Structures are given as structure tokens and as C-alpha cells.
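Quick notes on the structure that follows.
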Amino acid sequence: MFACSNKRSDIPSLKESYSKNDKNPFGGYVFFKQATQLFKNNDIRVRKDKAETSLLHYDDTAALYINVSKNFFIGKEGLSAVKSFVEKGNYMFIASENFDSSFLDFIKVSIAPKTVFMMLQQMQYTSVRLNNSRFLDSTRYAYFYFPFKNHFTKLADSAIQVLGVNDDGKPNFLVVFFGRGRLFIHCEPRAFSNYFLLQRDNYNYLQQALSFVPAEPEQVIWDDYYNKRNRAASDKDNKTGLAVLLQYPAMAWAFGLLIALLLLYLFFGSKRRQRVMEELPPNINTSVAFVETVSRLYLQKKDNKGIADKMITYFFEHIRNQYFLNTSQVNDSFVSTFTRKSNMQLIDAEKLFAHIQHIQESYAISDGELLLLNQQIESYYKTKT
């Protein structure tokens, strides 16, 4: 975002507008100026209305309609106007990358769908050329940009003739004879952009492409409406959103590809089997492990006094629960009663409680004193009844 906001102002826009006033690389300024020279005896009428408004009521029989746009989506009403206009004997020159399906069905052709390989092409010198048998011109009109790959397919109708091809020899420029008129269709509008026409002698390509139309038409109409439209305006009220998308070949192919990928995912995903679950071991008593862990923490801190206090606390708790003796006062009477009930030797008991008293009165004890306390308490547990 920062880079885009600080882009250099001298880099022209690469938007494919094809507007007659746009002097950027993919504007239509050069084409429009060339048209004014080619048809210098005509005043070019610029129309900014849809086809059913600008063409339906023309009574001319030798007029020329020119449209250069990224998308030529005219809808059913616009198609009826186009049919009526051409059938009377008029000429239409349309250069567009995308056509709606109703228009392609009318001229009985298809446009090859864009593949992933086509969309990943790098910039290179690419060219278009005219049908040498029609124009006696074998020149390759080239420029440096993304390759000219768009082309028409299924040209079975005898009323269709190929006027131009791309680098691969695939047809990208057709003429369709309909009624008393002719419909010129080109699927590479970039070949009529400012950038292309200003390369060397590429302006000759435009002049040759328009050489089959009358030198002095009754009138010349420049369409400046569809280069700003992405869909037919007449369809928005009577079609659902999905129907509007599917009428455009590129969107229909993309939608079909999405559905196909979803079905493949469901097909292969349904064959996956659940991984075998391992048998869980039964729960175990972790109290001993917890005590060991806590003990290790005290040992690591060298807190011998803390460990001894915990041992004495647990030992006195055992005495209270086991023999019902009060451990708040440890005296000779307590020691005598304890030895009698526990079957511990009196001398051993006296040493044990004397050591306990010493530890309780000390601020810190050594490893040896802690070990002796542990041995004395363990000796009691081994001899108690």
C-alpha cells in the first residue's frame, strides 16, 4: 500500500479504457484520430447510449459503427438492435476481449477459454497479422507486451471469413455477412490501443482492418458506452445475479471450474479413512509422582529445612491419625505412650523425637541431618505394628 501510494507520477496507467480521449497506453485516442482522417468527409458521431437506444432507429443503409472496448456485453435487446442495424446494409466494427454468450451464439462462433498457462504468460514481443489472401499483406505487426492469445473457435458457418490471425495462426479477426451488411469482429482490442498503433508501422494494421468498409459511409458512429460497462444494463432487472454472471463466457468457465474442483474434493475426500485410535492407558495415581517432583524442587534449591519440616508435619499427622495422640507437646509421657502403642524401642523413639526437636529449633540443617531424620522415620515405619 505504501509503494502504491508513492508510485511515480510519470508511469502511465495501463487500464484498458479505449476511450477516445484517453492518451494512456491502452486508450483509444490514436484510433479515434486515425478514424477522423480515414473518414475526413464524415463527422464522427460519438454515442454514449446502449445499442438499443443508439442503433435501433437508424434508417441508414451504409453507416459504420465502431466499438473498441474490454467487454462488449449488449444483452438481448442490444443484440436485436445490432441485428436490425447490420441487416439493413450497415457495417459494424467491434474489437473486444469479452462478449456475452447471446452475441456469440448470434454469430455462431466461440472464443477459446483462458487457460492457466495463458494467464501466466510473460511479456514478450507478440504480433498479429492479416489474412494474406484477403489483404495481400503478410506483415507481422508487433509490440512488446503480453501475448495475443485470444482467438475464435467453431467457425463452421459459410457466412464467416477469417481476416486476421495471431502468432499461433489462430483466427482473431472475422467478418460475418448478415443480411445486406457486414459485421467485423476482433477479439484483441489491444491491437487498436495507443501503445500498439504507435509502434513502427502498426497504424497500417488499423487502416487495413478498415479497408473493407465504405470509404465514405453515410455516417460514422463511435461508441463510447460499452468501454465503461462490465455487463449488459438491460439484464439487471430481469436476471438473477448468477444468471448475469453465467451469460459471460469467462465467468461461466470460472464458475464451472469451481464446481468441478469442489466435486473432485468431495470425491477424493470421501475416500479418506479415519486414523486408528490408539488405546488410552488407564489413569494412574500420580500422588507419589507429585510428591517426588515437589521433593526434587526442594532438593534443587537445597532447602533441607523445608523438606525436614514437611517430613515432620506428615509424621505427626500419621501419629495423630494412627494412635490418637496429641503432638502439640512432645515430652517424656508422650514418648512413653508412643513407644507402647507403636512397638518402637524407647531409645530409638527418644533419639527420633530429640532429633525432631533439634530440627524444629534450628534455622538450617545439613544434608547429614536431613538424611538421619529420613532414616529414623523409615526405621519407625518398618517396625510399627
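The values are calculated or read from the model by the stated rules, or taken from the named source; none is laboratory data. Source: prediction; values computed, not measured. Cβ placement follows ideal geometry from the backbone for every residue including glycine, while neighbour counts extend to all protein chains displayed.
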Report task. Scan segment 48-97 for residues that are closer than 20 Å to V213 by Cα, at pLDDT 90 or above and among the charged types (D, E, K, R) and report the count. Result -> 3
Query raised in the report: Within the bounds of segment 63-81, is there any residue that is closer than 20 Å to K149 by Cα, outside any helix (DSSP H, G or I), without any contact (Cβ under 8 Å) to a residue 60 or more places away in the chain and in the same structural domain as L198 (by TED's automatic domain parsing)?
Result: no
Requested in this report: Take segment 136-164 and flag every residue that is of a type outside the set (A, V, I, L, M, F, W, C) and either not in a loop (DSSP other than H, G, I, E, B) or not assigned by TED's automatic domain parsing to the domain that holds E188 (or both).
Outcome: Y141, Y143, Y145, T153, Q161, G164
Query raised in the report: Using beta carbons and a limit of 9 Å, which pairs, at least six apart or on different chains, have the first residue in segment 247-271 and in a helix (DSSP H, G or I) and the second one among the hydroxyl-bearing types (S, T, Y) and modelled with pLDDT of 80 or more?
Result: P249/S101; P249/S110; A252/S101
Query raised in the report: Hey, G89 hits all of (1) small (G, A, S); (2) touching a strand residue (DSSP E or B) at 6+ places or on another chain (Cβ under 7 Å); (3) surrounded by 16 or more Cβ atoms within 10 Å (Cβ to Cβ) but one; which does it fall short on?
Result: (3)
Report summary line: Within segment 132-159, residues closer than 23 Å to K114 by Cα and among the hydrophobic types (A, V, I, L, M, F, W, C) come out as A142, F144, F146, F148, F152, L155, A156
Query raised in the report: Using beta carbons and a limit of 6 Å, which pairs, at least six apart or on different chains, have the first residue in segment 341-353 and without any contact (Cβ under 8 Å) to a residue 60 or more places away in the chain and the second one hydroxyl-bearing (S, T, Y)?
Result: K341/Y323; N343/T385; M344/Y380; M344/T383; L346/T339; A349/T339
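Of these, L372, L346, L352, which one is closer than 16 Å to F316 by Cα and surrounded by 12 or more Cβ atoms within 10 Å (Cβ to Cβ)? Outline the logic, then answer.
Working: L372 fails: closer than 16 Å to F316 by Cα; L346 fails: closer than 16 Å to F316 by Cα.
Just a single option satisfies the conditions, and that option is L352.
Can you find, within segment 182-232, the residue that is surrounded by the fewest Cβ atoms within 10 Å (Cβ to Cβ) among those that are small (G, A, S) and farther than 15 Å from N67 by Cβ? Before the answer, list the steps.
Of all residues in segment 182-232, those small (G, A, S) come to 191, 193, 209, 211, 215, 232.
Restricting the remaining residues to those that are farther than 15 Å from N67 by Cβ gives 211, 215.
On the way: S211: 14, A215: 10.
This residue is A215.
Show me the strands (runs of 3 or more DSSP E) entirely contained within segment 167-232 in which 3 or more residues are in contact with a strand residue (DSSP E or B) (Cβ under 7 Å, 6 or more places away or on another chain) and of a type in the set (A, V, I, L, M).
Working: elements: 171-178, 181-186, 220-223.
Answer list for segment 167-232: 171-178.
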Requested in this report: Return the total of residues in segment 24-47 being within 17 Å of Q208 (Cα to Cα), of a type in the set (D, E, K, R) and either in a loop (DSSP other than H, G, I, E, B) or outside the structural domain of E218 (by TED's automatic domain parsing) (or both).
Outcome: 1
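Is it the case, given these coordinates, that N343 is over 11 Å from L373 (Cα atoms) and modelled with pLDDT of 85 or more?
Values: over 11 Å from L373 (Cα atoms): yes; modelled with pLDDT of 85 or more: no.
In short, no.
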Query raised in the report: So is T139 surrounded by fewer than 22 Cβ atoms within 10 Å (Cβ to Cβ), modelled with pLDDT of 90 or more, among the β-branched types (V, I, T) and over 28 Å from K154 (Cα atoms) or not?
Result: no
